[in-house]
1. In the set I157, I128, which member is of a type in the set (A, V, I, L, M, F, W, C) and farther than 24 Å from G207 by Cα?
2. Please find, among A154, A102, the residue that is within 24 Å of S173 (Cα to Cα), surrounded by fewer than 17 Cβ atoms within 10 Å (Cβ to Cβ) and at pLDDT 95 or above.
3. Can you pull out every residue in the range 189-243 that is under 26 Å from S143 (Cβ atoms) and outside any strand (DSSP E or B)?
4. Has the range 147-158 got any residue that is under 23 Å from G134 (Cβ atoms), in contact with a Phe, Trp or Tyr (Cβ under 9 Å, 6 or more places away or on another chain) and among the polar types (S, T, N, Q)?
5. Among residues belonging to the range 35-57 that are more than 23 Å from S81 (Cβ to Cβ) and of a type in the set (D, E, K, R), point out the one that is surrounded by the most Cβ atoms within 10 Å (Cβ to Cβ).
6. Looking at the structure I just gave you, is P11 in contact with an Asp or Glu (Cβ under 9 Å, 6 or more places away or on another chain) and either part of a strand (DSSP E or B) or over 24 Å from A152 (Cα atoms) (or both)?
7. Please give the number of the condition G144 fails out of (1) closer than 17 Å to G101 by Cα; (2) modelled with pLDDT under 95.
8. Using beta carbons and a limit of 6 Å, which pairs, at least six apart or on different chains, have the first residue in the range 258-273 and under 20 Å from Q189 (Cβ atoms) and the second one outside any strand (DSSP E or B)?
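The values are calculated or read from the model by the stated rules, or taken from the named source; none is laboratory data. Predicted model, so just to flag it, every value in this text is computed and none were measured. Positions of Cβ are backbone-derived with ideal geometry, glycine not excepted, and every protein chain shown enters the neighbour counts.
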Amino acid sequence: MQEFTFETPEPAELSVEIGSGQVDVTADEVATSQVTVDGPGADDVTVTQEGRRIVVKSHKRSGLFSRHERVDVTVVVPTGSDLVVRTGSGDVRTSGRFGQGALTTGSGDVEASQFAGDVVSTAGSGDIRIAEVGGALRGKSGSGGVRIGRVAGAADISSGSGDLAIDGCGTESSFKTGSGNVAIGDTTQRVTVTTASGDVSVQGLRGGAVKIRTASGDVAIALAEGVPVWADINTVSGTVHRDIASAGEPTEGQAHIELHILTASGRIDLRHI
């Protein structure tokens, strides 16, 4: 096991890169950063500091069958620190509030807390879960699901076959999945959803424009009452059920909701919140 302590009176810039193992990072009200490296590959890890930047990097052992040994990295940094983590087959977990984030794993899960800035997260076959993003978010999983709390900026979220879910969108957002479901909480912004065979639900549409395209999935939308709705709804062999009161056509400049829905065989349900 290796242990390191660095003076960091201001938020740090932390970079962690390992081949196999787990990374746990906590942001706290501290003036020093602590790094602990454990596991069979602990001696193959270098930990350095240059100014605000702290770098944790594992190295392959030399030899005919060289590989990354498992490494478990635990770090505590000041609140507001920027974070970059890359793992080949390990999980990434964070707690506390960070600045910006870039979290990448090949076959592990990402479970992250709060970020004040932009976040990019990619998982090859694992799930991505992030509690809060104060900036823009780009999240992508190959076969896992993506679950996000609230995003203040633009969100671009996709998965090959996993489910996508977000509690709230701050600005224009895009969701795309091959065969997973898409669940959206509150939004007043422009949202685009594309899925081949998954269901789509919007729990609180209070304004903005929603464009949904699905081949065989169902669509369920809960709209704010009293807001005019402009709707363009098409289904080839599905059904449309409307349980909403008419608020009339929107006048020029009036706040309203736009719906663009296209399905091949899915059921479309519209109701009030």
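1. Values: I157 fails: farther than 24 Å from G207 by Cα.
Only one candidate qualifies: I128.
2. Values: A154 fails: surrounded by fewer than 17 Cβ atoms within 10 Å (Cβ to Cβ).
So the residue among A154, A102 that is within 24 Å of S173 (Cα to Cα), surrounded by fewer than 17 Cβ atoms within 10 Å (Cβ to Cβ) and at pLDDT 95 or above is A102.
3. Residues of the range 189-243 that are under 26 Å from S143 (Cβ atoms), as a first pass: 191-203, 211-220.
The answer is A196, S197, G198, D199, A215, S216, G217, D218.
4. Within the range 147-158, the first condition is being under 23 Å from G134 (Cβ atoms), and the residues that meet it are 147-158.
Narrowing the set further to residues that are in contact with a Phe, Trp or Tyr (Cβ under 9 Å, 6 or more places away or on another chain) leaves 155-158.
Now narrow it down to the ones that are among the polar types (S, T, N, Q): 158.
Yes - at least one qualifying residue is present in the range 147-158.
5. D44
6. Working: in contact with an Asp or Glu (Cβ under 9 Å, 6 or more places away or on another chain): yes; either part of a strand (DSSP E or B) or over 24 Å from A152 (Cα atoms) (or both): no.
No: the conditions fail for P11.
7. Checking G144 against (1) closer than 17 Å to G101 by Cα; (2) modelled with pLDDT under 95, the one that fails is (1).
8. The qualifying pairs are L270/I244; H272/E225; H272/I244; I273/A224.
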